[in-house]
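Written out below as structure tokens is the structure these notes cover.
The values are calculated or read from the model by the stated rules, or taken from the named source; none is laboratory data. Computed from a predicted structure; not experimentally measured. Because the Cβ atoms are built from the backbone with ideal geometry, glycine has one as well, and the counts that use them run over all protein chains shown. Surface accessibility is based on the protein's heavy atoms, side chains included, excluding ligands, DNA and RNA. Shrake-Rupley method; radii C 1.70, N 1.55, O 1.52, S 1.80 Å.
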Amino acid sequence: MFSATTRNDKAMYVSLTATLALGLAATVDANIAGGGYNYRETVSPWFRSVFAVQPDPHLMSGAPLLYRLHAISAMLLFAAWPFTRLVHMLTAPIGYLTRPYIVYRSRDTRLGTRAPRRGWERIG
């Protein structure tokens with residue numbers, strides 16, 4: 001699995017973690033540690049305006065910094081979405097329910113040109 005993980009996937013993991021952490025930090029900072037922030041008055045209308053392709057930046061200008069950073073990191077994540085494994089979230093693997101089990105075995109005694117990684121040595 002690790003050999004099939006691309007740089008885009010690794011960058012997506014970092015971006016996904018950052019987006020989640022910033023969202024959690026914004027919630028904790030504004031609503032638990034601070035006096036509270038009603039994002040429904042600024043961030044939600046701004047998001048709807050972006051979704052309607054008529055963004056209104058004035059709505060987001062009054063939002064706390066963590067909310068703005070969370071929105072930026074989410075947009076970067078959505079921009080990278082098609083180039084990472086997240087694209088598989090949009091597919092339903094219905095064919096796997098009726099697919100026969102496939103056994104993969106190698107008849108090659110060399111097992112490729114590179115030496116196997118530690119922990120993947122051939123047994124027997």
For this session: Might you check whether a residue that is within 13 Å of the chain's Cα centre (by Cα) and either at pLDDT 90 or above or under 30 Å from R7 (Cβ atoms) (or both) occurs anywhere in the stretch 60-69?
Result: no
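Quick test for you: out of I32, I72, I94, pick the one residue that is of a type in the set (V, I, T) and at pLDDT 85 or above.
Values: I32 fails: at pLDDT 85 or above; I94 fails: at pLDDT 85 or above.
Just a single option satisfies the conditions, and that option is I72.
Looking at the stretch 7-33 only, could you name the residues that are polar (S, T, N, Q) and touching a residue at least 40 places away in the same chain (Cβ under 8 Å)?
So the first thing to find is which residues in the stretch 7-33 are polar (S, T, N, Q), and the list is 8, 15, 17, 19, 27, 31.
N8, S15, T19 - these are the residues of the stretch 7-33 that are polar (S, T, N, Q) and touching a residue at least 40 places away in the same chain (Cβ under 8 Å).
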For this session: Report, ordered by the first and then the second residue, all pairs with beta carbons closer than 6 Å, sequence separation of six or more or different chains, a first member in the stretch 34-61 that is within 17 Å of I72 (Cβ to Cβ), and a second member that is open to solvent by 40 Å² or more (accessible area, probe 1.4 Å) and at pLDDT 85 or above.
Result: T42/L59; W46/L59; S49/P55; S49/D56
